[in-house]
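Working notes, beginning with the structure itself.
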Amino acid sequence: MTTGPAGPRQRPPRSGLALGLRQNLAQFMLLVAVNALVGGTLGQERTVLPLLADQVFHLDLYTSGLTYILAFGLAKAGTNYFAGTLSDRFGRKPVLVTGWIIALPVPLLLIFGPSWGWIVSANVILGISQGLTWSTTVVMKMDLVGPSRRGLAMGLNEAAGYLGVAATALATGYIAASHGLRPGPFLLGAAYIALGLGLSVFAVKETQGHARLEASTHTAAHAGAHGELSNGEIFMLTSFRDKSLSSVSQAGMVNNLNDGLAWGLFPLLFAAAGLSIEKIGILAAVYPAVWGAAQLVTGGLSDRYGRKWLIAGGMLVQAVALGLVAAGSDFGIWLGAAVRLGLGTAMVYPTLLAAIGDVAHPEWRARSVGIYRLWRDGGFAVGALLAGVLADAFGIPAAVAAVGLLTALSGILVAVRMRGSDHMVPRRG
């Protein structure tokens, strides 16, 4: 046994474990199902909460109405960082189970909260839960599949999560239209949490041994990405020093910045144009549905053709879609924009995670993923604040257009800065 900055490094298991999607298919698909429930827990809010802020709590300013996304983003971003460190120290499964336990009070707060502060508090708790559960399912799938199918694995993971978001956003829209904004939509979220906790406790198995197995044959992407790095060195490498890792981190942040905008302001824009709750629910669902389904293809494509140009191109497709939302005024235009926004996000989302896995050493991959997700989900907070201030000052269309321009600039930065060779490289000795 050797010792490094992250503590004792155990020798990889000699028997009973193998890397690969086919070799671990049952456990992998179970984790896919668990992540669909994680996404559904978030999806319970996508259609209903913006309308709740407007119609029940009568918040006048967009900035005030988006405080729940700001709270969610800050909580989730911070928790992502600690999720990686905790899963390296204590194992993946305990972190996953803890995340589900933390989520238990969220539906009750959303149903019975008598003031907007209760809703914001629920989203702090939800952000902590999502940071633990979603981060851990990502890392566990990376552990299981090894290096050669990482893009496909991330595509399946993120597809499950965002199809869960989409299906629940659509379902809660219909429930809200038929039975009101509370409590019906949030009872669905309560069921997801109970099922996710049960599966995680009784069926999910620990995967840290698979990461140790991969580490035993891993060759560093470059001299600065070896296995014996401190937490501070990993943070600086992921955030700033490595051209690919830092490009991925900023693109992830901008991606979730525009997702926070879509989550918080799109339903209000559509409602102001006179769309019914059912149509708002459809638009709120189409974007993550296309995003989720297309990742079944884009993740695998990144294994074959590389990460860089899918990321850069996806950011530009998102920018065009946001421009259409800003210029649009009816359901048809917004539906087409939602499809484009989902497609652009699908090109980016699993590819960003796979690119992190390409460079990060298995010994500290969970921590690097956590740091990336710290930046990425910090985009929710930045997006809520920026979109709210711009919408209050200039109107929602202007806020959407400004974020679209920022998204285009992010894609250009990826094209200029990211290394083009960090893809589909089974870095084995």
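The values are calculated or read from the model by the stated rules, or taken from the named source; none is laboratory data. Fair warning: this is a prediction, and the values are worked out from it, not measured in the lab. We place every Cβ from the backbone using ideal geometry, glycine too, and count neighbours over all the protein chains shown. Just so you know, the surface numbers come from the protein's heavy atoms only, side chains and all, with ligands and any DNA or RNA stripped out. Shrake-Rupley method; radii C 1.70, N 1.55, O 1.52, S 1.80 Å.
One table, with the values for the structure above:
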| quantity | calculated |
| --- | --- |
| Mean accessible surface per residue for region 244-307, computed with a 1.4 Å probe while every protein chain stays in place, in Å² | 26 Å² |
| Estimated Rh, the chain: Kirkwood, alpha-carbon pairs, angstrom | 21.2 Å |
| Translational diffusion of region 251-364, µm² s⁻¹ [Kirkwood Rh, Cα pairs; Stokes-Einstein; 37 °C; 0.692 mPa s] | 224 µm²/s |
| Percent of C-alpha pairs per 10 Å bin, region 92-200, short to long | 14, 39, 33, 12, 3, 0 |
| Aspartates and glutamates with Cα under 17 Å of Lys243, excluding same-chain neighbours fewer than 8 positions away | Glu233, Asp358, Asp422 |
| Cβ-based charge dipole, region 346-400, positive-most Cα from Gly379, Gly357, Ala393 | Gly357 |
| Test item: Cα-centred dipole of the chain, Lys/Arg +1 and Asp/Glu -1 on Cβ, debye | 1380 debye |
| Mean Cα-pair separation over length for region 270-429, i.e. relative contact order, pairs under 8 Å, 6 or more apart, % | 35 percent |
| Residues Glu206 and Val416, FRET efficiency given R0 of 45 Å [Cβ-Cβ distance, rounded to 0.05] | 0.65 |
| Mean separation of Cα contacts under 8 Å, 6 or more apart, over the residue count of region 55-140: relative contact order % | 45 percent |
| 10 Å-binned pair-distance histogram of region 346-408 (Cα, whole percent) | 19, 37, 26, 15, 3 |
| Accessible area of the chain belonging to carbon and sulfur atoms, whole % at 1.4 Å probe | 67 percent |
| Among the listed pairs Lys76/Lys308; Lys141/Lys308; Lys93/Lys141; Lys93/Lys205, those beyond 18 Å (Cα-Cα) | Lys76/Lys308; Lys141/Lys308 |
| Protection-proxy order for peptides 38-48, 201-211, each taking the mean of Cβ atoms within 10 Å per residue, highest first | 38-48, 201-211 |
| Region 349-416, accessible area per residue, ligands and nucleic acids excluded (1.4 Å, Å²) | 25 Å² |
